[in-house]
Amino acid sequence: MSDTTALDAAKIDIRRWTREEHSARALYGSRVIYTPSVLAEAAELLAKLYTAGQEHHIDREDWAAVTSLPTGVLDALTARYCSHVALTHSEYDAVRNSLIGELGARQLTVERGQRITVAPLPGGPSWGDAGRSGLSLGLTVGGWDISIDELASSPHTIAAPATEDGAREVAELVHKILSGEAPNPFAAPVVKEASA
């Protein structure tokens, strides 16, 4: 398997496992939402593991018989980005201000507070009892999270760097969720029917 082939296979596997598997979800709440840079990093790491396995005559399919390398890679990156985030006060302020600026640049209505709230967009998904609640974003030692802007809402983890670049990706993700371009992370899970 060449490096290019390993990377292509890794990208396919990472896409599939972020849609189908639940290991990181169980550890970090009901769902982990990955930003593009984290998915790209996961694919690169997985490709290197596949290539290293090839050097020992272990094919991609051989790994699947004993473990899930894609899940392991995603779990490791989720753990890195979603726990023990250490920022100085000035770094924290810079990242939050970057997020607020990026949300504003996307024409979103933002309100500062302990959490950053973002109003819903006309024609986009609606949440909450009255269908008019927006989204709420946080950055803590547990990394980024997103929830419906209501007291009883449980946050979902966002695997993204706690940096200004990460803030840019989170802002883009929020815009896509509000506009309906990205899947609604708060929608009820689809239950798959057993086939006969």
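The values are calculated or read from the model by the stated rules, or taken from the named source; none is laboratory data. Treat the numbers as computed from the prediction; the structure is a model and nothing was measured. Cβ: placed from backbone, ideal geometry, glycine included. Neighbour counts: every protein chain shown. Surface accessibility is based on the protein's heavy atoms, side chains included, excluding ligands, DNA and RNA. Shrake-Rupley method; radii C 1.70, N 1.55, O 1.52, S 1.80 Å.
So what is the calculated 222 nm ellipticity per residue for the chain, using -39500 (n - 2.57) for each DSSP H run with n of 4 or more, over all residues, to the nearest 500 deg cm²/dmol? Working shown, then result.
Details: 7 runs with 96 residues, N = 196.
Helix contribution divided over all residues of the chain: -15500 deg cm²/dmol.
Specify the residue with the greatest mean-square fluctuation among 90, 136, 68, computed from a Gaussian network of the chain linking alpha-carbon atoms under 10 Å apart.
So, out of 90, 136, 68, the one fluctuating most is 90.
Can you compute the modelled spin-label distance between residue 154 and residue 5, with each label point 7 Å from Cα toward Cβ, in nm?
4.3 nm
Would you pull out the residues with amide H under 5 Å of residue 158's amide H, same chain only if 5 or more places away, H placed 1.01 Å from N?
Long-range HN contacts for residue 158: 33, 144, 145, 146.
Treating the angle as unsigned and between 0 and 90°, give the value, to the nearest 10°, between the Cα long axis of helix 89-105 and the longest Cα principal axis of the chain.
The angle comes out near 80 degrees.
If DNA, RNA and ligands are ignored and the probe is 1.4 Å, what is the ranking of 49, 135 by accessible area, most exposed first? Could you put the intermediate results ahead of the total?
Working: 49 65, 135 0 Å².
The most accessible residue leads, giving 49, 135.
Take the Cα of residue 184, step 7 Å along the line toward its Cβ, and report every residue of region 108-128 whose backbone nitrogen sits under 11 Å from that point.
Under cut-off, by backbone N: 124-128.
What list of ³J(HN,Hα) values in whole Hz, one per residue of region 170-180 in order, does the Karplus curve 6.51 cos²θ - 1.76 cosθ + 1.60 (θ = phi - 60°) give from phi, with Gly and Pro shown as x?
For region 170-180, the Karplus curve yields 5, 4, 5, 4, 4, 4, 5, 5, 5, 8, x Hz.
Run the 1.4 Å probe and let me know the accessible area of residue 48, rounded to the nearest 10 Å².
130 Å²
How much length would be gained if the chain were fully extended between residue 107 and residue 130, taking 0.36 nm per residue of separation minus their Cα-Cα distance, in nm to one decimal?
Taking residue 107 through residue 130 to full extension adds about 6.0 nm, to one decimal.
Spin-label point model (7 Å from Cα, Cβ direction): what's the residue 12 to residue 93 distance in nm?
5.0 nm
Counting every Cα pair in region 89-154, what percent are over 16 Å apart?
Considering region 89-154, 48 percent of its Cα-Cα pairs are separated by more than 16 Å.
Taking the Cα centre as origin and putting +1 on Lys and Arg beta-carbons and -1 on Asp and Glu beta-carbons, what dipole magnitude results for the chain, to the nearest 20 debye?
Here the chain has a charge dipole of around 460 debye.
Using a 1.4 Å probe on the protein heavy atoms, what percent of the accessible area of region 88-164 belongs to carbon and sulfur? Walk me through the numbers before you get to the answer.
Numbers: 2040 of 3970 Å².
Taking all protein chains in place, region 88-164 shows 51 percent carbon and sulfur surface.
Taking the 0 to 90 degree range and rounding to the nearest ten, how far is the long axis of helix 69-81 tilted relative to the main principal axis of the chain, both from C-alpha atoms?
The two axes meet at around 40 degrees.
Could you state the angle between the C-alpha long axis of helix 3-20 and the longest principal axis of the C-alpha atoms of the chain, as a value from 0 to 90 degrees rounded to the nearest 10?
Approximately 50 degrees, to the nearest 10.
Which value, to two decimals, describes the C-alpha radius of gyration of the chain once divided by 2.2 N^0.38 Å?
Cα Rg divided by the expected 2.2 N^0.38 Å: 1.12.
With all protein chains present and a 1.4 Å probe, how do 61, 41 order by accessible area, largest first?
Listed by decreasing accessible area, they come as 61, 41.
Can you put 100, 146 in order of accessible area, largest first, using a 1.4 Å probe?
Sorted descending by solvent-accessible area, the residues read 100, 146.
Please check: in the Gaussian network model of the chain (C-alpha springs, under 10 Å), which one of 109, 157, 78 has the largest mean-square fluctuation.
109
For Cα pairs less than 8 Å apart in space and 6+ apart in sequence, what is the mean separation divided by the residue count of region 138-190, i.e. the relative contact order in percent?
Taking the mean separation of contacting Cα pairs over the length of region 138-190, I get 23 percent.
Using a 1.4 Å probe, what is the accessible area per residue for region 78-196, in Å²?
Per residue, region 78-196 has an accessible area of 56 Å².
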